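The numbers here are math on the coordinates, done by the rules we state, and not lab data. Values in this document were obtained by computation on a predicted structure and should not be read as measured data. Cβ coordinates were reconstructed from backbone atoms using ideal geometry, including for glycine residues, and neighbour counts include every protein chain displayed.
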Amino acid sequence: MRRRFFVDKFEGERAELRGEAAEHLGRVLRAEPGQLYELSDGETVWLARVEKIAAGRTRRGAIEFSLIEPIAAAESQLKIALLLSVVKFDRMEWCLEKATEMGVSEIIPLAATRSEKLLIMAAKKRAERWRKILLESAQQSRRLRPPELLPISTSEDAFRDASGGTKILLSERPDSRPLREVLSGAHAQEICLAIGPEGGWTDAEVAAALKNGFREASLGREILRTETAVIAALAVVRYALEER
């Protein structure tokens, strides 16, 4: 299967790959003129041939392509916004990678009340690395475009600003309905899914979510780690709604 890379834009029948992606393709994958790859500008995908691996200080590692033919590609009609509480960074990165593979369209890191304060303070400095993870994961999973990473937000602000559609707060409270039941009557193609930190949501956060139209949902009686909840919840959402 051909590798896919993202470019800024297509220029007529040509395109150019720059930056770290070009360095990876040229130095690690040892691209050579004549080889074929897939390129996406976030709107369309083209089969492209390597024409030239540019040298020189100003264009170090740039790779020039000629476009051969368009490739059919489309994102799912199901739009999933993930409100993801900040957790330890190795696990946070795993969550971002897998959420991208599962088709999430937008990710908002949350400074939840029970998130570790040092992690919240350091999160802004990690944004560029997180975007790189989203980009690389989107390329690996052959998506049309990577998900958007929004600035870190407090839980209350994120709940208030959440767009329409079906809004779900994963909850450990014993009276929460199973996620599959909450989704059983949903027909919206926009889902906002909020996943809490270790220690769970505070009562004030739950109240703020409910006030802004979120519905509590459970993934079962077991207490799941954040990264487990991400993959489990997204799998349930896609199974329940994507074909509708």
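Fewest-first ordering of Phe10, Phe5, Phe65 by other beta carbons within 10 Å of each residue's beta carbon gives Phe10, Phe5, Phe65.
Residue-wise HN-Hα couplings along region 116-125, as the Karplus relation 6.51 cos²θ - 1.76 cosθ + 1.60 with θ = phi - 60° gives them from phi, are 5, 4, 5, 5, 4, 4, 8, 4, 4, 6 Hz; Gly and Pro carry x.
Note on the chain: GNM, Cα springs under 10 Å; of Ala73, Ala48, Ala15, the largest mean-square fluctuation is that of Ala73. Computed extension length for Asp157-Glu20: 45.9 nm, one decimal, from 0.36 nm per residue of separation with the Cα-Cα distance subtracted.
Within the listed set Arg30, Arg14, Arg126, the residue fluctuating most in the Gaussian network model of the chain (springs between alpha-carbon atoms under 10 angstrom) is Arg30.
Amide H to amide H, with H built 1.01 Å from N, Gln35 comes under 5 Å of Val50, counting only residues 5 or more places away or on other chains. By the equivalent-ellipsoid construction on the alpha carbon gyration tensor, the chain comes out with semi-axes of 38, 20, 14 Å, ordered largest to smallest.
With springs connecting C-alpha atoms under 10 Å apart, model the chain as a Gaussian network and identify which of Glu106, Glu13, Glu216 has the largest mean-square fluctuation. For the chain, modelled as a Gaussian network with Cα springs under 10 Å, the answer is Glu13.
Could you state, as a whole-number percent, how many of the C-alpha pairs of region 1-138 are farther apart than 28 Å? Of the Cα pairs, 32 percent sit more than 28 Å apart.
Projected label points at Gln77 and Arg225, each 7 Å from Cα along the beta carbon direction, are separated by 3.7 nanometres. With θ taken as phi - 60° and the Karplus curve 6.51 cos²θ - 1.76 cosθ + 1.60 applied, the whole-hertz 3J(HN,Hα) list for region 74-87 is 7, 7, 4, 6, 7, 9, 10, 9, 10, 8, 10, 5, 5, 10 Hz, x standing for glycine and proline. In the calculated pair-distance distribution of region 126-244, the portion above 18 angstrom amounts to 57 percent of the Cα-Cα pairs.
Ranking Ser85, Ala48, Ala22 by how far each Cα lies toward the positive end of the dipole of the chain (charges on Cβ) leaves Ala22 at the top. On the beta carbon distance between Gln35 and Met121, with R0 = 45 Å, the FRET formula returns roughly 0.50. With N the number of residues in region 4-71, Rg(Cα) / (2.2 N^0.38 Å) evaluates to 0.99. Between the amide H of Ile71 and those of Val45, Trp46, Leu47, distances stay under 5 Å, these residues lying 5 or more places away or on another chain, with hydrogens modeled in the peptide plane.
3J(HN,Hα) along region 34-45, derived from phi through the Karplus expression 6.51 cos²θ - 1.76 cosθ + 1.60 where θ = phi - 60°, amounts to x, 6, 10, 9, 9, 10, 10, 9, x, 10, 9, 10 Hz, with x in place of Gly and Pro.
Simple point charges give the picture: +1 on the Cβ of Lys and Arg, -1 on the Cβ of Asp and Glu, and for region 20-140 a dipole about the Cα centre of about 760 debye.
Report summary: the helix-based calculation at 222 nm, which adds -39500 (n - 2.57) for every DSSP H run with n ≥ 4 and divides by the residues of the chain, gives -9000 deg cm²/dmol. Remark: Leu47, Leu29, Leu170 ranked as Leu29, Leu47, Leu170, counting other beta-carbon atoms within 10 Å and listing the fewest first. Relative contact order of region 97-244: 30 percent, from C-alpha pairs under 8 Å at least 6 residues apart in sequence.
Under a 5 Å amide H cut-off, with hydrogens placed 1.01 Å from N, Leu83 pairs with Ile108, Leu193, Ala194, Ile195 among residues at least 5 apart or on other chains. The GluC sites (Glu not before Pro) of region 61-97 meeting both criteria, a DSSP state outside H, G, I, E and B (loop) and at most 15 other C-beta atoms within 10 angstrom of the site's C-beta, are Glu75.
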